[in-house]
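S.K.: First, the structure itself, so that you have it in front of you.
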């Protein structure tokens, strides 16, 4: 697993959809998915994160990546 060293740059999103803060940054960092009692680390996921409340906003690319991973997990192909 790589370290979670986020790279960040300003986001095009004006405000956080959860808290309304205007401190949303585009980051690339490891994300932990929790599936029941299991955890799966997905490395280097580009997304937006609110610097005020921590809300993570994932785009289509990341969502598709999560869907593929969850599909393999349901089929028993991921340990």
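S.K.: Restricting the search to region 27-39, which residues are within 12 Å of the chain's Cα centre (by Cα) and either surrounded by 12 or more Cβ atoms within 10 Å (Cβ to Cβ) or within 15 Å of residue 15 (Cα to Cα) (or both)?
M.R.: Hits for region 27-39 are 27, 28, 29, 30, 31, 33.
S.K.: Could you pull out the residue among 5, 65 that is surrounded by 12 or more Cβ atoms within 10 Å (Cβ to Cβ) and either outside any strand (DSSP E or B) or modelled with pLDDT under 95 (or both)? First the steps, then the outcome.
M.R.: Working: 5 fails: surrounded by 12 or more Cβ atoms within 10 Å (Cβ to Cβ).
Going through 5, 65 in turn, the sole match is 65.
S.K.: Restricting to region 14-26, name every residue that is over 12 Å from the mean Cα position of the chain (by Cα) and part of a strand (DSSP E or B).
M.R.: Looking only at region 14-26, we keep the residues that are over 12 Å from the mean Cα position of the chain (by Cα), and these are 14-25.
Correct list: 24, 25.
The values are calculated or read from the model by the stated rules, or taken from the named source; none is laboratory data. On a predicted model such as this, the values are computed, not experimentally measured, just so you know. Every residue, glycine among them, receives a Cβ derived from its backbone with ideal geometry; neighbour counts consider all protein chains shown.
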